[in-house]
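The values are calculated or read from the model by the stated rules, or taken from the named source; none is laboratory data. Computed from a predicted structure; not experimentally measured. Cβ atoms come from the backbone with ideal geometry, glycine included; neighbour counts cover every protein chain shown.
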Amino acid sequence: MVANVNRKTVGTQTTMPVTAEAPSGPSRLQSDLAGRILRRLKEQGAGPGYHLVELELCRQFGVSRTPIRGALKLLAAQGAAEARANRGFVLVNPVSTAPDVEPISLQDEEDKRLFVAIAQARNDGRLPAECAQQEIGRLFDAKLPTIVRVLRKLAEMGLVERKIGNGWSFLPSIDSARAQNESYAFRRAIEPAMFLQPTFELDRDWLKESRARHLAFRRKRWRDTLAVEFYDINSDFHEQLARCSGNRYMLGAVKRHIQLRSFLNYHEVHGVDRVHDSIDEHLAIIDVLETGNNEEASALMVKHIQRSADSPHLISDELLPSESNH
C-alpha cells in the first residue's frame, strides 16, 4: 500500500528503494508524490542543489500545496532533499534510481482528502453552515477544481446546496451530541426490526458481493482517505438490508438517516480499530443471514449499533449550535 522512501548513498548518487510505511508515517498521497518527484528528477538528470519549487510541482502533479509540502518534508527526512533558508527545498544528490510507485489517482486522493477535511471541520464547528468556495480554499489549502468537484459530489448526496453566486449552504445533519444519541436510539428501534419483517427477502447476490467488499477493505492498510470508501461500504450495507426488509417506509427512513450521518461517517475519529471492528461485525451479520437465522442477525445488529454508540462521541455540544436548530 503506502511506501516510505528510504535513502541509500552509492558513490555520489542517491538511490531510493521503497519500504513499508509505519502506521504513524506519511500519508499514501505524500509517499506517492515523493516517489513521483524523484522519478521526475531522475528523468531530468537534476543535480545537487536543484531547487524544488512548490508551485511548479503543484502544476506538474495537479495537486495543492499541502500534499506537495508533505512530500518534500518526507524527502528531507529521508535525506534526499534538504531545506534551506529562503530557498525552500533543494536536492542533495543526483537520483540514480526512483521507486516504482503503486499507481493511484492523485485527483481522487486529493478529492477524498478534502471530503474528510470538510467532515472534520463541520463536526468540530470550524466550518460554518454557509460559506464561499474561497473560504474552503483558504481553510483547507485546496485548489478550485478540487473544491468544485467535492462540492458537486456533496450536492449530489444532498449534503450541500448552492446559493446565489459562489456560496454554498450545508443542509441539516447530526451536529450535536444529543442529536447523535437520538440517532443511535432511532437506529436501535428500526434496523434490528428489519430482519424480522414478514416481507424480508435476502438478496444473496448482493450479500456475496458485500462480503467480498468487506474482506478486501479489511486487508487494506489504513489511511485517512479510506474513510470515504468505508462510508460507501457502510452505507450500502445498511441501506441494502433495509431494502431486503420489503418495507418501503423502513427503507426510506434508513436512507434519509444515512444521509444525515454522512459527515460523522467520513470523520472516523474512533480510529482504525473501531473501523475494523465495524467491518467484522458486518461480516458476522452476513454469516448469520446466510444460514437463514434472521432472529440472530437482528440481535447482532442491536450489538453492532450499541458498540458504535458506546464509542467516544464524535462531537460535543460545547462546540456546536444550540439544540434550538433541531
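Looking at His282, is it closer than 21 Å to Glu239 by Cα, modelled with pLDDT of 95 or more, buried (at least 18 other Cβ atoms within 10 Å of the Cβ) and not hydrophobic (A, V, I, L, M, F, W, C)? First the steps, then the outcome.
Values: closer than 21 Å to Glu239 by Cα: yes; modelled with pLDDT of 95 or more: yes; buried (at least 18 other Cβ atoms within 10 Å of the Cβ): yes; not hydrophobic (A, V, I, L, M, F, W, C): yes.
Considered against the rule, which asks whether it is closer than 21 Å to Glu239 by Cα, modelled with pLDDT of 95 or more, buried (at least 18 other Cβ atoms within 10 Å of the Cβ) and not hydrophobic (A, V, I, L, M, F, W, C), His282 comes out as yes.
With touching a helix residue (DSSP H, G or I) at 6+ places or on another chain (Cβ under 8 Å), in a helix (DSSP H, G or I), surrounded by fewer than 20 Cβ atoms within 10 Å (Cβ to Cβ) and not β-branched (Val, Ile, Thr) as the only criterion, which of Ala76, Ala121, Ala83 stands out?
Values: Ala76 fails: touching a helix residue (DSSP H, G or I) at 6+ places or on another chain (Cβ under 8 Å); Ala83 fails: in a helix (DSSP H, G or I).
That would be Ala121, the only listed residue that is touching a helix residue (DSSP H, G or I) at 6+ places or on another chain (Cβ under 8 Å), in a helix (DSSP H, G or I), surrounded by fewer than 20 Cβ atoms within 10 Å (Cβ to Cβ) and not β-branched (Val, Ile, Thr).
Ala81 versus (1) among the hydrophobic types (A, V, I, L, M, F, W, C); (2) in the same structural domain as Val53 (by TED's automatic domain parsing); (3) touching a residue at least 40 places away in the same chain (Cβ under 8 Å): which is the lone unmet condition?
(3)
Sort out which residues of the stretch 191-214 are in contact (Cβ under 8 Å) with a residue 40 or more places away in the chain, more than 12 Å from Gln240 (Cα to Cα) and surrounded by 14 or more Cβ atoms within 10 Å (Cβ to Cβ), and write them in order of number.
Pro192, Ala193, Gln197, Arg211, His214
Taking Val90 as meeting all but one of (1) in contact with an Asp or Glu (Cβ under 8 Å, 6 or more places away or on another chain); (2) in a helix (DSSP H, G or I); (3) farther than 29 Å from Ile147 by Cβ, write down the number of the exception.
Of (1) in contact with an Asp or Glu (Cβ under 8 Å, 6 or more places away or on another chain); (2) in a helix (DSSP H, G or I); (3) farther than 29 Å from Ile147 by Cβ, only one is false for Val90: (2).
Sort out which residues of the stretch 143-171 are assigned to a loop (DSSP other than H, G, I, E, B) and either in the same structural domain as Lys255 (by TED's automatic domain parsing) or over 18 Å from Asp124 (Cβ atoms) (or both), and write them in order of number.
Filtering the stretch 143-171 down to residues assigned to a loop (DSSP other than H, G, I, E, B) leaves 143, 157-159, 163-166, 171.
Passing the criteria: Lys143, Met157, Gly158, Lys163, Ile164, Gly165, Asn166, Leu171.
Name the single residue that is farthest from Ile190 (Cα to Cα) among those in the stretch 243-277 being in a helix (DSSP H, G or I) and at pLDDT below 75. Please lay out each step first, then the result.
Filtering the stretch 243-277 for residues in a helix (DSSP H, G or I) gives 243-244, 248-260, 262-266, 272-277.
Add one more test, that the residue is at pLDDT below 75, and what stays is 262-266.
Numbers: Ser262: 18, Phe263: 21, Leu264: 19, Asn265: 19, Tyr266: 23 Å.
Filtering the stretch 243-277 for residues that are in a helix (DSSP H, G or I) and at pLDDT below 75, the one farthest from Ile190 (Cα to Cα) comes out as Tyr266.
Kindly indicate the residue of the stretch 193-242 that is modelled with pLDDT of 90 or more, of a type in the set (D, E, K, R) and assigned to a loop (DSSP other than H, G, I, E, B) and also farthest from the chain's Cα centre (by Cα) among those meeting that condition.
If we take residues in the stretch 193-242 being modelled with pLDDT of 90 or more, of a type in the set (D, E, K, R) and assigned to a loop (DSSP other than H, G, I, E, B), then Glu201 is farthest from the chain's Cα centre (by Cα).
For Thr14, all conditions in the list (1) surrounded by 14 or more Cβ atoms within 10 Å (Cβ to Cβ); (2) of a type in the set (S, T, N, Q); (3) at pLDDT 55 or above; (4) within 16 Å of Val95 (Cβ to Cβ) hold save one; what is the number of the exception?
(3) is the only condition that Thr14 fails.
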